[in-house]
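Input: a single structure, listed below in C-alpha cells.
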C-alpha cells in the first residue's frame with residue numbers, strides 16, 4: 001500500500017482532554033480535520049468558532065475545515081483568520097460552485113469539493129480542473145462512527161480516472177468509516193487522503209493506529 005495522508009477528525013476526540021488529543025495528532029498525523037456542521041445541511045451540530053480557534057492555535061500541522069453547512073461562503077474569511085489552511089464545501093450546498101472555489105483560493109487557502117454518497121463524480125468534471133482536492137463522503141454525513149458504504153470504492157476509482165484526465169495534481173480524500181480493515185482497498189482505488197475519527201481516537205494506541213492507516 002502507498003503512503004497515505006491521514007487526517008484525524010477532531011469530532012471523535014475527547015473534548016475533556018482536547019489539548020492531549022491535539023498534541024497526539026500533531027505528533028503522528030498529517031492534517032487536522034474539522035467537521036463543521038450546522039444542523040441544517042446535516043442533522044447534527046458540531047462545534048463553533050471558539051473551539052476551532054483553540055484547535056488552530058495548538059496545531060503544528062495543517063488544519064482543514066469540512067463545511068457541512070448552508071451558505072459556506074459566509075465563513076471563509078473567518079476560518080482563514082483562525083488559522084484554517086484548507087476548506088472543502090459541498091457540491092450539494094453551493095449554487096455557484098465555480099465562484100465559491102475560486103473565492104477560497106483567492107483568500108490563500110486550498111479549496112476542496114465534497115460530495116455525498118449519492119452524488120455522481122461525473123458532476124465534477126468541470127470543477128475538478130481547478131480544485132485542490134475532492135472529498136468523497138463514504139458515509140451519509142452528520143454523525144461519526146458509521147460504517148463505510150462499499151460502493152464508494154468504485155466512486156474513488158472513477159474519480160481517479162477523471163482527475164488523471166483533467167488535473168493530476170488534485171487529491172482524493174475519503175471521509176467516513178475508514179478503518180485498518182478497508183484502508184487497503186481505499187488506497188488501491190486511488191485515494192490520497194483519509195479522514196479517520198473513531199478508528200484513531202477509539203483505538204487503544206491512537207498513534208499506532210495512525211501509523212497503520214498511513215501504511216508506515
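Just the residues that are assigned to a loop (DSSP other than H, G, I, E, B), more than 18 Å from residue 174 (Cβ to Cβ) and modelled with pLDDT of 95 or more, please, taken from the range 97-127.
107, 108, 109
Could you tell me whether the range 79-90 includes any residue that is in contact (Cβ under 8 Å) with a residue 60 or more places away in the chain and surrounded by fewer than 19 Cβ atoms within 10 Å (Cβ to Cβ)? Don't jump to the end; show me each part of the working.
Within the range 79-90, the subset in contact (Cβ under 8 Å) with a residue 60 or more places away in the chain is 88.
From what is left, the residues that are surrounded by fewer than 19 Cβ atoms within 10 Å (Cβ to Cβ) are none.
No, there is no match, as no residue in the range 79-90 is in contact (Cβ under 8 Å) with a residue 60 or more places away in the chain and surrounded by fewer than 19 Cβ atoms within 10 Å (Cβ to Cβ).
Is there a residue in the range 204-213 that is in contact (Cβ under 8 Å) with a residue 24 or more places away in the chain and part of a loop (DSSP other than H, G, I, E, B)? Break it down into steps so the answer makes sense when it comes.
At the first step, the residues of the range 204-213 found to be in contact (Cβ under 8 Å) with a residue 24 or more places away in the chain are 206-207, 209-213.
Remaining after also requiring part of a loop (DSSP other than H, G, I, E, B): none.
No, the conditions are met nowhere in the range 204-213.
Just wondering, is there one or more residues in the range 200-216 that are touching a strand residue (DSSP E or B) at 6+ places or on another chain (Cβ under 7 Å), at positive phi and surrounded by fewer than 22 Cβ atoms within 10 Å (Cβ to Cβ)?
Among the residues of the range 200-216, not one is touching a strand residue (DSSP E or B) at 6+ places or on another chain (Cβ under 7 Å), at positive phi and surrounded by fewer than 22 Cβ atoms within 10 Å (Cβ to Cβ), which makes the answer no.
All but one of (1) touching a helix residue (DSSP H, G or I) at 6+ places or on another chain (Cβ under 6 Å); (2) more than 19 Å from residue 210 (Cα to Cα); (3) not in a helix (DSSP H, G or I) hold for residue 142, so report the exception by its number.
(1)
Keeping to the range 67-78, report how many residues are outside any loop (DSSP other than H, G, I, E, B) and either over 17 Å from residue 115 (Cβ atoms) or free of Cβ contacts under 8 Å to residues at least 12 places away in the same chain (or both).
Step one: filter the range 67-78 for residues outside any loop (DSSP other than H, G, I, E, B), giving 67-68, 72-78.
Subsequent filtering for residues that are either over 17 Å from residue 115 (Cβ atoms) or free of Cβ contacts under 8 Å to residues at least 12 places away in the same chain (or both) retains 73-78.
Of the residues in the range 67-78, 6 are outside any loop (DSSP other than H, G, I, E, B) and either over 17 Å from residue 115 (Cβ atoms) or free of Cβ contacts under 8 Å to residues at least 12 places away in the same chain (or both).
From (1) more than 17 Å from the chain's Cα centre (by Cα); (2) under 17 Å from residue 8 (Cβ atoms); (3) surrounded by 14 or more Cβ atoms within 10 Å (Cβ to Cβ), pick out the condition that doesn't hold for residue 55.
Among (1) more than 17 Å from the chain's Cα centre (by Cα); (2) under 17 Å from residue 8 (Cβ atoms); (3) surrounded by 14 or more Cβ atoms within 10 Å (Cβ to Cβ), the lone unmet condition for residue 55 is (1).
Give the residue that is surrounded by the fewest Cβ atoms within 10 Å (Cβ to Cβ), with candidates limited to residues of the range 149-175 that are touching a helix residue (DSSP H, G or I) at 6+ places or on another chain (Cβ under 8 Å) and in a loop (DSSP other than H, G, I, E, B).
Per the criteria, the residue is 167.
I'd like to know if the range 149-157 contains one or more residues that are closer than 18 Å to residue 9 by Cβ, at pLDDT 95 or above and out of contact with any strand residue (DSSP E or B) (no Cβ under 8 Å at 6 or more places or on another chain). Even if it seems obvious, please write down each step before you answer.
Within the range 149-157, the first condition is being closer than 18 Å to residue 9 by Cβ, and the residues that meet it are 149, 152.
Checking which are at pLDDT 95 or above leaves us with 149, 152.
After this cut, where a residue has to be out of contact with any strand residue (DSSP E or B) (no Cβ under 8 Å at 6 or more places or on another chain) as well, the list is 149.
Looking through the range 149-157, at least one residue is closer than 18 Å to residue 9 by Cβ, at pLDDT 95 or above and out of contact with any strand residue (DSSP E or B) (no Cβ under 8 Å at 6 or more places or on another chain).
Would you mind stating whether residue 75 is buried (at least 16 other Cβ atoms within 10 Å of the Cβ) and out of contact with any strand residue (DSSP E or B) (no Cβ under 6 Å at 6 or more places or on another chain)?
Working: buried (at least 16 other Cβ atoms within 10 Å of the Cβ): yes; out of contact with any strand residue (DSSP E or B) (no Cβ under 6 Å at 6 or more places or on another chain): yes.
Yes.
One line per residue, one yes/no per condition, for (1) part of a loop (DSSP other than H, G, I, E, B); (2) modelled with pLDDT of 95 or more; (3) within 16 Å of the chain's Cα centre (by Cα); (4) crowded, with 17+ Cβ neighbours inside 10 Å:
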| position | (1), (2), (3), (4) |
| --- | --- |
| 2 | yes, no, no, no |
| 7 | no, yes, yes, yes |
| 18 | no, yes, no, no |
| 27 | no, yes, no, no |
| 34 | no, yes, yes, yes |
| 42 | yes, no, yes, yes |
| 61 | yes, yes, yes, no |
| 65 | no, yes, yes, yes |
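The values are calculated or read from the model by the stated rules, or taken from the named source; none is laboratory data. Everything numeric in this text was worked out from a predicted model, so none of it was measured. Using ideal geometry, Cβ is built from the backbone for each residue, glycine included, and neighbour counts are taken over all protein chains shown.
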